[in-house]
Amino acid sequence: MPDIKFIIDHQRFVPVSAKTGAQTFRLDMESESYKKIYLLVIPFIRNHDIFSEIARIDVEIEEPYKHPDIGSTMISRKLYSPGDLDWFVPLNWMYRLGTADAPRTSRHQLLPLLEENTADWEIAKPPLFPQRQFWTNTVVEVGGVTMNVIEIDLTKPRQVKSLTLSTIGTDPAIGLVAVTAEK
């Protein structure tokens, strides 16, 4: 993401996990106006977390915003694995394992729409499926860790009071490395 810059503080991160007793982390945003917020995170997930909800991000805003589901001043995004939170073992291991081992040329590239009376996508038939290159997340491998960029689109500039990152369940954990925003 060429225009998005993260400042990483000496290889530190905030752990968010039920096992550490900190299943949520709240970041005060001091009511600044933002259009998009980006999080750089390290997912600590296991095989049994695949195809499930791993975490949730809640953005509290100043202005009244009628959320279609909860009707409050919260804008929420659920994070799933794979797709929102992906992982893989480093290249220097003996084998490749994970949900993000294929390059993704464009994070906005989508599968083609089905034609009427078409049973399936030609490209989505075994053994090509699940085609990780079409998943939407931006994944970065840095040494021995996989980092994910999570985008929260607020649709227009909004006064943001806080951002809360929460893990779902007892096993998943997330390391929050950095947060940046577009004004």
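Which residues, taken from segment 159-170, are surrounded by fewer than 21 Cβ atoms within 10 Å (Cβ to Cβ), on the phi < 0 side of the Ramachandran plot and either assigned to a strand (DSSP E or B) or modelled with pLDDT under 85 (or both)? Explain how you work it out, then say what you get.
So in segment 159-170, the residues surrounded by fewer than 21 Cβ atoms within 10 Å (Cβ to Cβ) come out as 159, 161-162, 164, 166, 168-170.
If we keep only those that are on the phi < 0 side of the Ramachandran plot too, we end up with 159, 161-162, 164, 166, 168, 170.
Hits for segment 159-170 are GLN159, LYS161, SER162, THR164, SER166, THR170.
Output the residues belonging to segment 29-48 that are exposed (fewer than 11 other Cβ atoms within 10 Å of the Cβ) and within 14 Å of VAL179 (Cβ to Cβ).
Matches in segment 29-48: GLU30 only.
May I ask you to list the residues in segment 1-45 that are in a strand (DSSP E or B) and of a type in the set (S, T, N, Q)? Please lay out each step first, then the result.
In the first step, residues of segment 1-45 are kept if they are in a strand (DSSP E or B); the result is 14-17, 22, 24-44.
Across segment 1-45, the qualifying residues are SER17, THR24, SER31, SER33.
The values are calculated or read from the model by the stated rules, or taken from the named source; none is laboratory data. Here the structure is a predicted model, which means the values were calculated and not measured. Cβ sites come from the backbone with ideal geometry, for glycine too, and all protein chains shown count toward neighbours.
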